[in-house]
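Working notes for the structure below.
The values are calculated or read from the model by the stated rules, or taken from the named source; none is laboratory data. Keep in mind it's a predicted model, so treat the numbers as computed, not measured. Backbone-built Cβ (ideal geometry, glycine too); neighbour counts: all protein chains shown.
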Amino acid sequence: MLFVAALSAAGQMLEPPTPADLTELPLESLLQMEVTLVSRKPEKLTASPAAISVVTQEDIRRSGATSIEEALRLVPGLQVARVDASQWAITARGFNDIFANKLLVLQDGRSIYTPLFSGVFWDVQGTMMEDIDRIEVVRGPGAALWGANAVNGVINIISKSARDTQGVLIAAGGGTEEQGFAAVRYGAKIGQDTFFRVYGTYQNHDDSVMPNGQRGDDGWQIGRWGFRLDWDMSDQNLLTVQGEAYRGAINQVYNVLDPSNPITLSRLVPDEYDVTGGHLLGRWTHTFSADSDLQVQGYYDRTERDTVIFREKRDTFDVDFQHHFPIGLRHDVVWGAGYRFTGDDVGNTSMIALNPSDRTLNLFSGFIQDQVALVPDRLAATLGTKLEHNDSTGWEIQPGARLSWTPLAGQTLWASISRAVRTPSRAEDDIILNQVVPPGGLFPGSPAAVTTIYGNRQFESEELVAYELGYRLEPVPSLSFDLAAFYNDYNRLRSIEPGVSPTQPASGPGLPLHVDNNLYGETYGVELSATWEIARWWRVQPAYSFLEMQLHKRPGIQDSISELDEGKSPHHQASLRSSWDLPHDVALDCVLRYVDRLPALNLGSYLGLDLRVSWRPTRHLEFSIVGQDLLDNRHAEFRPSFIATQETEVQRGVYGKVLWKF
């Protein structure tokens, strides 16, 4: 009834939708948009020899997503699960977890993954959502260009140029789960060639709910401040400087070790911990010609988190360059090199400790890629490799080869084979993690027990050899299909085995376990998506993905838990998006998604529905009402893994929003 009332209130003659609306652009134009993630240079989306998807700013706006994590739900085949109010499990093509470690995430080319566990702290990632230009997502390895940890996929969150964010924008709203949020941005011009913007955002999210209906005490709030400056120094030179700082408070309830409790050996400890951080990035681009350029980028990043079970301060400095140029009429070359320094200072506790408590890591890298036009405009081969040296395993080589064939207009067939590695994290090298196993956790009828997982400096890089095949088809200008199939062969996967670590002395109170490389396996699957522009005012986008994981222990290995990872990612996922422009500047958008069960976590399948109704009384003002997860009161999407926090469920939510630009 709420949405019907919103539609009825809009029943008067208003201005037509702005030309920037996605549904106002022909589908053919959208398919010809340029992407950079596959080849580190602009190329048409339809010609990219990889399983790539793009979430545009208009996709984000019309979905009602208030965070990057929610926006990633729009990507076909990506596994996105909310764990509680602040934690997410996000990956591509399997191995999903809060500490998923095979997905490289970039923001404007700046790596936001942490060497602590080779993953992403999603609770502190974000920016002003209205300033995101697009999110490019590659499902499958990108290691030949982006290096270690780009194993199962790569994400790059790309913000708008300051030139495109002039004037004032104010957005504000609130509701049941998104209790309050606001964003303010001001953009202006300095002289003839310099553009800048400054912005600030605030979010306040409610507690989630536990399976018994009680509040989860895991709400959070966070504020951000940032700027971006783009200076067109000349026709050939562009300088970009941008930065951001954030500060937040996150509530969480931990199940911590308590030997004085003879029944459970643990107790619940509520915590409100601080998260702070920021970065400064500079990038210079020099254009030699229409098909040749040089780019140099450097950034500094600082993060801090202070919880009752773990404290960390981390500093990262990174500099890299790349050069793009043609050789003759058939070769298009991109090459570059980089250096990254990261150092941490950890506050050890009785639950989590790192030995040593502070450590610096260095990463040297170089890459080269050549795209060869075997048959101009028809058949192209791309060959490249990344060479890296890290402080844990030394030299790593990650080659890749891709082939793209365009037999007819509107058709692209591509194939690839590549090698990628996931290098050891700081935790896998040095952690001492005490975990409480509840009664019956070791075997039926067993009492509560304590285990201690130790890091292992002999841990080797996990290895993947991936085979991919894809097909894109645009039979008519209003309809497109995208199909990708893959087979991944993994070796030296992480296992958790009984016994003392060969490199860490036993010091914890529990049964000793240590990390090793005695797991291997295969995954395979298909990902299918389509876009059908039924009319200029109505577009639908169905998607389906299938994933099969098969993990195996090497003979004689006693690991009893790592094989369960194959049950943490859904076999089947499906979604249907509809964008509908109604008369009188009213728009109706919905996203229906199905996620299969997760047997390793004892979670059933679920069906979710998000709805958004918006009204634009003028070209500069928009009102919207968004309903999220409307089909049930609550449902569980994932469970905590290595760190014991309360199990919570995702609730139905509704919020309203006002957006004003002038």
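So the values come out like this:
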quantity: Options R634, R577, R593, R597; residue that is surrounded by fewer than 20 Cβ atoms within 10 Å (Cβ to Cβ), within 18 Å of L74 (Cα to Cα) and of a type in the set (K, R); calculated: R593
quantity: Only listed residue being under 26 Å from V650 (Cβ atoms) and in contact with a Phe, Trp or Tyr (Cβ under 6 Å, 6 or more places away or on another chain), chosen from L598, L588; calculated: L588
quantity: Strands (runs of 3 or more DSSP E) wholly inside the stretch 472-553 containing at least 3 residues that are of a type in the set (G, A, S); calculated: 479-498, 511-535
quantity: Selection from the stretch 435-486 of residues that are of a type outside the set (F, W, Y), surrounded by fewer than 16 Cβ atoms within 10 Å (Cβ to Cβ) and free of Cβ contacts under 8 Å to residues at least 24 places away in the same chain; calculated: G440, G441, L442, P444, G445, S446, P447, V476
quantity: Breaking point among (1) touching a residue at least 24 places away in the same chain (Cβ under 8 Å); (2) more than 23 Å from the chain's Cα centre (by Cα); (3) more than 18 Å from R283 (Cβ to Cβ); (4) surrounded by fewer than 20 Cβ atoms within 10 Å (Cβ to Cβ), for L238; calculated: (3)
quantity: Looking only at the stretch 170-209, and only at residues there that are of a type in the set (A, V, I, L, M) and surrounded by fewer than 19 Cβ atoms within 10 Å (Cβ to Cβ), the one that is nearest to G248 (Cα to Cα); calculated: A182
quantity: Filter result (among the charged types (D, E, K, R) and either at pLDDT below 95 or in contact with a Pro (Cβ under 6 Å, 6 or more places away or on another chain) (or both)) within the stretch 387-418; calculated: R402
quantity: The stretch 201-212 residues that are within 12 Å of T176 (Cβ to Cβ), paired with ones that are surrounded by 19 or more Cβ atoms within 10 Å (Cβ to Cβ) and β-branched (V, I, T) (beta carbon under 6 Å, 6 or more apart); calculated: S208/T648
quantity: Out of T531, T523, sole residue that is under 30 Å from the mean Cα position of the chain (by Cα), among the β-branched types (V, I, T), under 21 Å from N152 (Cα atoms) and surrounded by 15 or more Cβ atoms within 10 Å (Cβ to Cβ); calculated: T523
quantity: Matching strands (runs of 3 or more DSSP E) fully within the stretch 287-391 where at least 2 residues are farther than 30 Å from G510 by Cα and not polar (S, T, N, Q); calculated: 292-306, 311-327, 331-347, 358-375, 379-390
quantity: Residue count, the stretch 489-543 (criterion: under 30 Å from S63 (Cα atoms), of a type outside the set (A, V, I, L, M) and in contact with a Gly (Cβ under 9 Å, 6 or more places away or on another chain)); calculated: 3
quantity: Residue match in the stretch 341-359 (condition: basic (K, R), modelled with pLDDT of 95 or more and under 23 Å from the mean Cα position of the chain (by Cα)); calculated: no
quantity: Condition met for D581 (touching a residue at least 12 places away in the same chain (Cβ under 8 Å), part of a strand (DSSP E or B) and among the charged types (D, E, K, R)); calculated: yes
quantity: Residues of the stretch 398-413 satisfying the condition of being in contact with an Asp or Glu (Cβ under 8 Å, 6 or more places away or on another chain) and under 19 Å from G140 (Cα atoms); calculated: Q398
quantity: In the stretch 317-345, the residues that are in contact with a Lys or Arg (Cβ under 7 Å, 6 or more places away or on another chain) and crowded, with 18+ Cβ neighbours inside 10 Å; calculated: D318, Q322, H324, V334, T342, D344
quantity: Hits in the stretch 28-67 - residues which are within 24 Å of A81 (Cβ to Cβ) and charged (D, E, K, R); calculated: D59, R61, R62
quantity: Helices (runs of 4 or more DSSP H) enclosed by the stretch 45-158 - at least 3 residues per element that are in contact (Cβ under 8 Å) with a residue 24 or more places away in the chain and more than 14 Å from the chain's Cα centre (by Cα); calculated: 57-63, 143-146
quantity: Filtered residues of the stretch 290-304 (kept if surrounded by 20 or more Cβ atoms within 10 Å (Cβ to Cβ) and within 30 Å of V256 (Cα to Cα)); calculated: T303
